[in-house]
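The values are calculated or read from the model by the stated rules, or taken from the named source; none is laboratory data. Keep in mind the model is a prediction, meaning the values are calculated, not measured. No Cβ is skipped: glycine too gets one built from the backbone with ideal geometry, and neighbour counts run over all protein chains shown.
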Amino acid sequence: MSASTKRRGTGGKPKPQRRGGLPVVPIAIAFVVLAAVVALVLAGGDGEVKSDARSQYGAVEIDGTALPPLAGATPDADPAVAMAAPTLTGTNFEGDPVTVPSSERPTLLVFAAHWCPHCQAEIPRLVDWMAAGGAEDVQVVAVSTAADPQAPNWTPQAWLEREGWEAPVLADDAEGSAGSAYGVDGYPFFTLVDESGTVVWRASGEISTEVLDAVLATLP
Amino acid sequence: MSVDVMSTFFALLALGANVVVLTAIATSVVPALRPVRGRLADGVRGSTLVLAAVVTGVATAGSLYYSEVAGFPPCRLCWIQRGFMYPLFPALTLTAWRGAWPLRPWARLAALLGAAVSVWHLLVERFPGLEGAIACDAANPCSLVWVKEFGFITIPYMAFAAFTLVAVLLSVRPDSPTDARACDASDEPSTSKARTA
């Protein structure tokens, strides 16, 4: 009881009552309990099953020497340029065999992680670029790597389908072996390999289609 | 308990914190709401340190839950926010218990700095290019959105809600009415008298 309240109670004249504080602490406790109940109701149940986890990975066979990491080097100073690209043999999300790079024409490998916001920005750009005929002379292959069922935008298959990706896809294994074999150290990661299997160009990060056009123009 | 349930729970707490903070701001800015401000302040006066300690404790526990139970690795900006939040929990708890340290202004400053980092983290989530890179660090980029509840509540949003709530709680004067002018016409001008009685 406050001092001002104590002063009341004597005298016959009714006096204005001093307002007490709102019961904030009990309200806060009640809110926390209510939040817990609502959370259980809204998100409870058996929990979301991260389905299709296994199909988002694929066994990858690597033939050849692993490329060194790009490690921030500019494409001009990339130690992997002119090296023989390792051949990756694996499957897509449906289990169909996929082998990259192609021996018939240049191959642009795009290593992408479903959770990566830069990959999420790059893939639609590439889809539009391919639809506009930008990749007519090159085989574009997406390598789904670093897949993580706990990470956002799961599954990579649903993501690529949603973005309208129609080019071949190679599903990397859970250890990211394909990415490691190509020296991937960031996402998205590009590697252009000519038809003889030699690395022509690598880059890490979002790339504009103008840059891709310029790089492809250097191919013989 | 699934990560989804816990995330929904934390998101609801964050919304509750938003309501408190927005109410505090509204009752400070709008003169007609000042009596409400006084009553709210009276309701928590004397408990603000305990409440702030509880908020930082829940935020710390939530942060550790995400990294150690859910398996979401904290990014660089997460660590900076942890640097502001984690020390507040024992400091506020000890201060609430012993009541000896003049911690309040420093804790409020730490909470506001933490909130500023949270805002930057939210911007990085929304505009990944702000991270100063065009590629995702293969390890753990700050732009990675691990949790998104109700379409907008992410982990740094939760941190922002906690930091701002702590700052508001620590802005309530512990030993006197928030503002004598907050009393409306029907109140006795008794608050200052009571204090001196």
All positions within region B:24-70 that are among the β-branched types (Val, Ile, Thr) and within 14 Å of the chain's Cα centre (by Cα):
B:25, B:48, B:50, B:54, B:55, B:56, B:58, B:60
So which of B:71, B:62, B:38, B:83 is within 25 Å of residue B:131 (Cα to Cα) and in contact (Cβ under 8 Å) with a residue 40 or more places away in the chain?
B:62
Residues of region A:2-27 being within 7 Å of chain B (Cβ to nearest Cβ) and at pLDDT 50 or above, in sequence order, are A:19, A:20, A:21, A:22, A:23, A:24, A:25
Residues of region A:54-72 being of a type outside the set (Val, Ile, Thr) and in contact with a strand residue (DSSP E or B) (Cβ under 9 Å, 6 or more places away or on another chain), which ones?
A:55, A:56, A:57, A:58, A:59, A:61, A:63, A:64, A:67, A:70, A:72
Yes or no: region A:83-100 includes at least one residue that is surrounded by fewer than 22 Cβ atoms within 10 Å (Cβ to Cβ), among the aliphatic types (A, V, I, L, M), more than 14 Å from chain B (Cβ to nearest Cβ) and out of contact with any strand residue (DSSP E or B) (no Cβ under 8 Å at 6 or more places or on another chain).
no
Selected residue (criterion: surrounded by the fewest Cβ atoms within 10 Å (Cβ to Cβ)) from residues of region B:163-187 that are more than 13 Å from chain A (Cβ to nearest Cβ) and at pLDDT 85 or above:
B:171
Out of (1) within 12 Å of chain A (Cβ to nearest Cβ); (2) under 24 Å from residue B:108 (Cβ atoms), the one residue B:34 does not meet is (1)
Residue under evaluation residue B:73, criteria (1) in a helix (DSSP H, G or I); (2) surrounded by fewer than 22 Cβ atoms within 10 Å (Cβ to Cβ); (3) over 18 Å from the mean Cα position of the chain (by Cα), criterion not met
(1)
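Scan region A:161-181 residue by residue and report those that are within 16 Å of residue A:108 (Cβ to Cβ), surrounded by 20 or more Cβ atoms within 10 Å (Cβ to Cβ) and touching a residue at least 60 places away in the same chain (Cβ under 8 Å).
Of everything in region A:161-181, those that are within 16 Å of residue A:108 (Cβ to Cβ), surrounded by 20 or more Cβ atoms within 10 Å (Cβ to Cβ) and touching a residue at least 60 places away in the same chain (Cβ under 8 Å) turn out to be A:169, A:170, A:178, A:179.
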How about region B:1-15: which of its residues are at the interface with another protein chain (Cβ under 7 Å from one of its Cβ atoms) and either over 15 Å from residue B:161 (Cβ atoms) or without any contact (Cβ under 8 Å) to a residue 60 or more places away in the chain (or both)?
B:2, B:4, B:5, B:9, B:12
Among (1) over 14 Å from the mean Cα position of the chain (by Cα); (2) part of a helix (DSSP H, G or I); (3) not aromatic (Phe, Trp, Tyr), where does residue B:107 come up short?
(1)
Quickly run through region A:113-133 and pick out the residues that are acidic (Asp, Glu) and either within 11 Å of residue A:206 (Cβ to Cβ) or buried (at least 22 other Cβ atoms within 10 Å of the Cβ) (or both).
A:122
Which residues, counting only those in region B:1-59, are within 17 Å of residue A:35 (Cα to Cα), polar (S, T, N, Q) and not in a helix (DSSP H, G or I)?
B:2
